[in-house]
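Contents: one structure, followed by commentary.
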Number of protein chains: 2
Amino acid sequence: MNHAFAIGLDFGTNSARALVADCANGREIATATCPYPSGSEGILTERSEPLLARQNPGDYFFALQKCLKTALTKAAKVRGFRRDHVIAMGVDATASTPLPVDGKNRPLASDRRFSKNLAAQAWLWKDHTASAEAAEFTALAASMRPQYLARAGGACSPEWFWAKVWRCRRVAPEVFQAAASWIEISDWIPAVLSGVEDPALAARNICAAGHKAFYAADWGGLPDEEFLRGLDPLLAQLRAGLYAKAVPASECAGRLSKEWARKLGLSAGIPVAAGIIDAHAGALGAGIRPGTLVKILGTSSCDLALLPAGGPVPAIPGACGIVADSVVPGHLTVEAGQPAVGDIFKWYVEELLEGAPALHAELSRVAAQLAPGRSGLLALDWHHGNRSILADSRLSGLFVGLGLHTTRAEMYRALIEASAYGARAILERLRAGGVPIARVICGGGIALKNPLLLQTYADVLGCALEIAACTETCALGAAINAAVVAGPEAGGYDSHESAVAAMTSVRKEKYQPDAGRARRYNEAYALWRELHDAFGGVASGGKNLGDLMKRLLALKER
Amino acid sequence: MNHAFAIGLDFGTNSARALVADCANGREIATATCPYPSGSEGILTERSEPLLARQNPGDYFFALQKCLKTALTKAAKVRGFRRDHVIAMGVDATASTPLPVDGKNRPLASDRRFSKNLAAQAWLWKDHTASAEAAEFTALAASMRPQYLARAGGACSPEWFWAKVWRCRRVAPEVFQAAASWIEISDWIPAVLSGVEDPALAARNICAAGHKAFYAADWGGLPDEEFLRGLDPLLAQLRAGLYAKAVPASECAGRLSKEWARKLGLSAGIPVAAGIIDAHAGALGAGIRPGTLVKILGTSSCDLALLPAGGPVPAIPGACGIVADSVVPGHLTVEAGQPAVGDIFKWYVEELLEGAPALHAELSRVAAQLAPGRSGLLALDWHHGNRSILADSRLSGLFVGLGLHTTRAEMYRALIEASAYGARAILERLRAGGVPIARVICGGGIALKNPLLLQTYADVLGCALEIAACTETCALGAAINAAVVAGPEAGGYDSHESAVAAMTSVRKEKYQPDAGRARRYNEAYALWRELHDAFGGVASGGKNLGDLMKRLLALKER
């Protein structure tokens, strides 16, 4: 029983990762990553439509084969590892990243008629072309089905399933008509690995369904036909080609097909867990449990916490999803997030400043020497809209306090501070909504490589930040799903609670808030909140910003 | 009479220029420039105090000798030129740039005790260290002498004479005590050239006195003793060591001393005109006359127009100076301006982007291809405060509308547009204040080298922009002063009106507004004005900015 291994496959925004984990303790036996080959860093874009972001579905299996092969080759050198002791695999992927497929679960993109059609590719989570559709969905739901919005932070995001599918119906009706179904890539990949050749038979994970497609068991699954008909009769018609019931990741999507077992060099028939959203898998891998907020910090941030299921579902305006069973079965997941974190620093350093990636470190080094508020700058981190707590994708980024002596490092720090203030707005809102939060654990790429950001978060939030020990929390979360579907008799676990307890840990060193900086940030946060509320349209009584610049200077000069 | 020549000496922010002009038609016979050798581009700075900007007074005569010698050497090769046909010289300089001097009109900076003391140097116009003093001056004037503020745009600027001198008294009392007088460099340089060895005998020009030291003949000259005592008894005491009467630039400061005639290779005894502020000289050289707004566009902008003197002085809130006889004797000068124009582009390109100067041209080229509003960005050009129409030096720069796809060229264009919107706010305010403006003529460095800025100004202002033909309008203005003090009998003129009419012209090509862009900018300007009023503290009734970002996007997407 000591030598059971689980594989976690993580399909991120720009690349796929494979992790071979020891089921006993979650230890990383081997890991490998492979970038998606198409487009720009794996993303298909269009010059004339900067909000568009698609992916070539062929990239997922290209990258999967490469990185899993590498990981298994590495694992083979580790004492005690044997391929035939891999007891299961799990898959996480970005969402909502829906893919139009034909009746045999093949992507329309692999049909020659559609191979160049961007609408026939996977609609990557960050694609924001469906703003109008999201707004119309929100408007109809507000009058007809307010319960949908109450659990979704008050609005449908253009990043979500129905907005995207509807957008396709409008701008590429030929693709919409040709699609037998639309499937999240977090469902499509497990289905393909399991040899499921009919999208109607593919397991649909409750995580993507609940957080991105307004699925909830207590209102009968997906949004009802009448509501969808109100949007567009063809959407109502599509509903039948989707799914009636979504499953938690403690269930199997299927068993590894002979064909894929051969390609991957694994045993045919091992269970493939139902999918999960990447950040939600990251929460598992980081050690989510009641009382703990997990923040997965990467290109964007995803904040997840648990509430016991069973009681009434609370209304938490600005939480962008409250879904039963979507991460740890038996618990409600409360989700919030910031749609751009790392993406903003990347934009600033690599696009605006045209710097090499090494410039991040250099700016961090200089910015770390600045005192809070000393630059006289404030920023709003809304370069990709605001998810929580405003749920408004059409907000934009802002800098105020600029002067002729403002430096690039000061602006970099202001962006980090803006991100931290946004994180504080979320933490305060979740607590106000009754979510118990005694610990904050961070995972994701930024948690590992940006100490200035983490220290700033700790100072602004006024609490310690713990860092997940695993460097690949998402893939570890997928491996945890695998260990649960394999079950204790195979060397796995009987529940997510026990798997998380055994397979995850945090680093010994925490980021502790500094009392002096925290005090200073309390003041700056109050100013930032005025800016946030004024531009976010939630200021009470037409707050006047007339002295904000002066108060900012006063803070700077103290 | 055809061969009379006048010399204009222009002391700008970073360098001095000499112009030899043909008195008959203002034609440039020769010109030369010399940068100030000290500090960073001629400016003494201090790391710990970014608002500080001083100059080594020795630099002025170093640069003068070099550039005038070069200009005269060049002129010697021009047919018809003779050194002994130079009939007079005029001087313009930045202001308020006051210099503490001893009883023999020598800079304290040349005393070994003070040579390293930054307070003993010339306090360059853009030095903003005296904010607190300016605010206290404003507060006392508001209650005691509201008439002072009514002609000064409502506030004393930290750039002005009394704020700076008072600041020195507070932070460097040893310098203040040692100074027999304080003298604007636009007075000091003519006095030195004329051999005036007592600051009490130096001619003080009405332009710097009126626009920067609250001098007005109708209230008895400088601010009265009682008022100054209210600020600080030592300021009241200083008043006696200054001047009772300032003179227009149609009067002589003196005659070129033998010593300086020898050094410069000119005839001793030719008249040296009283000084004038550089931008005001630029207005002369650009062809200022009733009905014409002259904009001198350089590191900052200075906007000047005329009103007939004699009637009551109008109140134009936001005009930063209304002074009789300061440019064209017999007329009121109305001054407004933006404290940073070129400086903002320089900050953006050379500091933030760390680009070479060539990047300006490259960004202009790309930005010129963008449609108005297409970037979804708005900026406030308050990086060095706002002079007109808010008269508030403690405002700061702002960008809103940023996204992950925002480009450096879009931000560059947004800064240009912000500058143009600021220019429009000024134009509208002057017109509302009763200043007749039928033509706009631009001069200064930016008028010659930034076509995108000028076209954008034309589109935003909705009127044609004419460009002064002379490339050195400031130096030409100083030469016009020289031609007037020399008088018609020497080959000069009997008035500024006749000198300006004969010696200035505009280029044939004008920047005409494009109707489509002008329409679009009308809409963007309305949004910008909301931002301006909200952050400027003049929004009526707590205007809510809650939908500003959305309206900006709507404009972008149209």
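The values are calculated or read from the model by the stated rules, or taken from the named source; none is laboratory data. Just so it is clear, the structure is predicted and the values come from calculations on it, not from any experiment. Backbone-built Cβ (ideal geometry, glycine too); neighbour counts: all protein chains shown. Surface accessibility is based on the protein's heavy atoms, side chains included, excluding ligands, DNA and RNA. Shrake-Rupley method; radii C 1.70, N 1.55, O 1.52, S 1.80 Å.
Quick rundown of the values:
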{"quantity": "Trypsin sites (Lys or Arg not before Pro) restricted to DSSP loop in region A:8-60 with at most 11 other C-beta within 10 Å", "calculated": "A:Arg47"}
{"quantity": "Histogram of C-alpha separations across region B:272-311, 10 Å bin width, %", "calculated": "29, 48, 21, 1"}
{"quantity": "Equivalent-ellipsoid semi-axes of region B:417-558, from the Cα gyration tensor, Å, largest first", "calculated": "39, 17, 12"}
{"quantity": "Region B:211-225 versus region B:117-194: alpha-carbon centroid distance in Å", "calculated": "13 Å"}
{"quantity": "Sparse-neighbour loop sites [GluC sites (Glu not before Pro); region B:100-170; at most 10 other C-beta within 10 Å; DSSP]", "calculated": "none"}
{"quantity": "Average Cα contact separation per residue, region B:1-131, under 8 Å, 6 or more apart, as relative contact order %", "calculated": "28 percent"}
{"quantity": "Principal axis dimensions, region B:339-384 - Cα atoms, whole angstrom, descending", "calculated": "25, 24, 14"}
{"quantity": "Counted charge near A:Ala475, where neighbours are those whose Cβ lies closer than 10 Å (Asp, Glu -1; Lys, Arg +1)", "calculated": "-4"}
{"quantity": "Distance between region B:313-365 and region B:233-256 - C-alpha centres, whole angstrom", "calculated": "27 Å"}
{"quantity": "Cα-based convex hull, region A:445-527, per residue volume (Å³, whole number)", "calculated": "109 Å³"}
{"quantity": "Relative contact order (percent, whole number), region B:231-335, Cα cutoff 8 Å, 6+ residue spacing", "calculated": "20 percent"}
{"quantity": "Loss of accessible area when B meets A, both sides summed, Å² nearest 100, probe 1.4 Å", "calculated": "4000 Å²"}
{"quantity": "For region B:27-103, the spread of Cα positions along each principal axis, largest first, Å", "calculated": "53, 29, 20"}
{"quantity": "Descending semi-axes in Å of region B:298-432, equivalent ellipsoid built from Cα gyration tensor", "calculated": "33, 15, 13"}
{"quantity": "Modelled FRET efficiency - R0 51 Å, B:Ser15 with A:Val538, Cβ distances, 0.05 increments", "calculated": "0.50"}
{"quantity": "Extension gain (nm, one decimal) between A:Glu41 and A:Ala502, 0.36 nm per residue minus Cα-Cα", "calculated": "162.4 nm"}
{"quantity": "Nitroxide proxy distance, nm - points 7 Å out along Cα→Cβ at A:Ala358 and B:Arg374", "calculated": "3.6 nm"}
{"quantity": "Largest-first principal axis extents of the Cα set of chain B (Å)", "calculated": "69, 58, 49"}
{"quantity": "Where only C-alpha atoms are counted, convex hull volume of the protein assembly as shown per residue in Å³", "calculated": "179 Å³"}
{"quantity": "Carbon + sulfur, % of accessible area of region B:1-122 - ligands and nucleic acids excluded, 1.4 Å", "calculated": "49 percent"}
{"quantity": "Rounded percent of accessible protein surface that carbon and sulfur make up, region A:304-446, 1.4 Å probe", "calculated": "57 percent"}
{"quantity": "Antiparallel DSSP beta bridges within the protein assembly as shown, percent to nearest 5", "calculated": "75 percent"}
{"quantity": "Two-site label geometry, A:Ala315 and A:Glu351: point separation in nm, points 7 Å out along Cα→Cβ", "calculated": "3.6 nm"}
{"quantity": "Computed over region A:210-269, the ratio Rg/Rh where both radii use C-alpha atoms and Rh is Kirkwood", "calculated": "1.20"}
{"quantity": "Buried on assembly, region A:380-402 (at least 40 Å² less accessible surface than by itself, 1.4 Å probe)", "calculated": "A:His383, A:Arg394, A:Ser396, A:Phe399, A:Leu402"}
{"quantity": "Percent RCO, i.e. relative contact order, over chain B, from Cα pairs under 8 Å lying at least 6 residues apart", "calculated": "16 percent"}
{"quantity": "Average projected area [Cα convex hull, region A:133-281], square nanometres", "calculated": "9.2 nm²"}
{"quantity": "Accessible-area ranking of B:Glu251, A:Glu410, A:Glu417, largest first, probe 1.4 Å", "calculated": "B:Glu251, A:Glu410, A:Glu417"}
{"quantity": "Cα pair distances in region A:124-190, grouped into 5 Å bins until the bin that holds the longest one, percent each", "calculated": "4, 17, 22, 23, 19, 12, 4, 0"}
{"quantity": "Probe 1.4 Å, accessible area per residue of the protein assembly as shown, Å²", "calculated": "34 Å²"}
{"quantity": "Bridge type composition, chain B - antiparallel percent by DSSP, nearest 5", "calculated": "70 percent"}
{"quantity": "R0 of 35 Å, Cβ-Cβ distance B:Val171-B:Gln65: FRET efficiency to nearest 0.05", "calculated": "0.60"}
{"quantity": "For region B:385-475: Kirkwood Rh in Å [reciprocal of mean 1/r, alpha carbons]", "calculated": "14.9 Å"}
{"quantity": "Residues along region A:328-371 losing 40 Å² or more of accessible surface when the other protein chains are present rather than the chain by itself (probe 1.4 Å)", "calculated": "A:Trp347, A:Leu352"}
